[in-house]
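Contents: one structure, followed by commentary.
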Amino acid sequence: MQALRLHRYNERPTVDEIEEPKVEDPLDVIVKIGGAGLCRTDIHLYLGQWHELDADAPLPYTLGHENAGWVHEVGSAVTHLHPGDTVIMHPRPSCGFCFYCRGGNDMHCPHGFFPGLTTDGGMAHFLKTGARAVVPIDPNLQPADVAALADAGLTAYHAVRKAAPDLYPGTSAVVIGAGGLGHIAIQVLRALSPTTIIVVDRNPKAIEVAKQIGADHGVEADGSHIDKVKELTDGNGAEVVLDFVGELGAEKDAWQMTRPNGSHYVIGYGGTIEIPAIDVISTERNVVGNLVGTYNDLAELMVLAAQGKVTLHTKTYPLEAANDAITDLDEGRLPGARAILIPS
Ligand SMILES: [Zn+2]
Ligand SMILES: [Zn+2]
């Protein structure tokens with residue numbers, strides 16, 4: 001089969017002919033890939049930035065951590081999945097037995113692995129994964145349409161799903177950053193909550209798109225944005241602020257926009273959050289971390305996708321043209337769209 005393989009850091013990966021993966025463990029599942037999303041993490045990987053963090057696989061290996069397709073073959077202990085089932089993969093197969101797995105928080109499992117980062121990924125004709133990671137989806141969904149929801153979409157859904165109980169009628173939610181993740185978060189907020197959605201972004205075009213998909217207000221991040229958000233929220237700030245930027249000052253703005261007893265969700269990263277302890281106790285504001293999402297989060301997000309409530313703009317490329325997709329992503333030629341690689 002063909003696979004997009006990373007051989008050396010700071011060099012583009014290449015499409016190679018390699019052996020198909022085989023079932024070895026009774027809980028292995030081989031998936032025929034229908035679409036694999038390309039994301040910035042793949043660029044960070046080939047530039048060796050994850051290698052510096054000691055969080056990648058031995059070279060060479062196959063990229064691709066946003067995968068969807070059809071079950072091809074299952075191990076002898078897998079009874080709930082069958083060849084032909086349409087599926088999307090939770091990004092992190094896990095053990096199923098540890099404290100975190102028992103609580104549904106598979107992404108914290110110390111025995112998990114991450115296809116596309118720590119083992120061979122899905123930019124190939126076939127992917128080997130573990131049965132725990134496989135989420136059956138509506139057979140009417142096209143894997144290529146939903147593959148990119150496996151990572152970016154799941155992360156956005158996880159944060160909004162945690163915030164949703166606090167977003168009853170009359171509340172406000174701020175979305176900082178209307179890029180790939182923010183775009184999904186707005187659609188999920190609209191689907192799960194009657195809250196008033198305020199989008200903050202530097203780019204007026206991104207704000208326009210955000211309004212078309214469900215945001216109630218758009219605020220340009222031009223220096224007056226904290227005041228504008230306060231004006232829209234009775235001077236107090238919002239019950240929930242979802243920060244998809246996490247750097248360049250957004251991580252400070254998010255806290256300022258959060259009202260007393262409200263919650264500041266950290267999703268983007270890069271900056272440093274410094275908050276006086278007295279501010280935290282005197283206002284009872286929360287800072288909430290978010291890491292990918294749970295298996296159930298992904299299953300729920302796929303229901304919204306099947307209902308047409310969450311959609312992604314995608315541009316598809318044959319797997320052989322993976323490097324064209326990487327160039328387009330790297331040079332900013334995919335505004336608002338996700339590149340999806342499809343094996344022929
Ligand atoms: Zn990704
Ligand atoms: Zn576990």
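Here are some notes:
- Single residue of segment 264-274 satisfying the filter (of a type outside the set (A, V, I, L, M, F, W, C) and part of a loop (DSSP other than H, G, I, E, B)) that is surrounded by the most Cβ atoms within 10 Å (Cβ to Cβ): GLY268
- Listed here are the helices (runs of 4 or more DSSP H) enclosed by segment 275-333 that have at least 3 residues being of a type in the set (Val, Ile, Thr) and open to solvent by 50 Å² or more (accessible area, probe 1.4 Å): 277-283.
- In segment 77-118, the qualifying residues are those that are more than 20 Å from the chain's Cα centre (by Cα) and on the phi > 0 side of the Ramachandran plot, and the one that is farthest from ligand 2 (Cβ to nearest atom) is GLY84.
- For segment 48-72, a residue qualifies if it is modelled with pLDDT under 90, of a type outside the set (Gly, Ala, Ser) and not in a helix (DSSP H, G or I), and the qualifying residues are LEU53, ASP54, ASP56, PRO58.
- Screening ASP201 with (1) surrounded by 24 or more Cβ atoms within 10 Å (Cβ to Cβ); (2) charged (D, E, K, R); (3) touching a strand residue (DSSP E or B) at 6+ places or on another chain (Cβ under 6 Å) gives one miss only, at (3).
- The residues on offer are ASP151, ASP145, and the sole one that is closer than 29 Å to ASP25 by Cα and within 16 Å of the chain's Cα centre (by Cα) is ASP151.
- Conditions (1) open to solvent by 10 Å² or more (accessible area, probe 1.4 Å); (2) touching a Phe, Trp or Tyr at 6+ places or on another chain (Cβ under 9 Å); (3) free of Cβ contacts under 8 Å to residues at least 60 places away in the same chain: number failed by MET107: (3)
- Of residues in segment 156-175 being in contact with a Gly (Cβ under 9 Å, 6 or more places away or on another chain) and of a type outside the set (Val, Ile, Thr), the one nearest to GLY214 (Cα to Cα): SER172
- Helices (runs of 4 or more DSSP H) wholly inside segment 73-186 that include at least 2 residues being basic (Lys, Arg): 152-163
- One residue stands out among those in segment 254-263 that are open to solvent by 70 Å² or more (accessible area, probe 1.4 Å) and in contact with a helix residue (DSSP H, G or I) (Cβ under 6 Å, 6 or more places away or on another chain): the one that is farthest from LEU242 (Cα to Cα), which is PRO260.
- All told, PRO13 falls short of being within 21 Å of MET123 (Cα to Cα), open to solvent by less than 10 Å² (accessible area, probe 1.4 Å) and within 16 Å of ligand 2 (Cβ to nearest atom).
The values are calculated or read from the model by the stated rules, or taken from the named source; none is laboratory data. Keep in mind the model is a prediction, meaning the values are calculated, not measured. Positions of Cβ are backbone-derived with ideal geometry, glycine not excepted, and every protein chain shown enters the neighbour counts. Note: areas computed on protein heavy atoms with side chains; ligands, DNA, RNA excluded. Shrake-Rupley method; radii C 1.70, N 1.55, O 1.52, S 1.80 Å.
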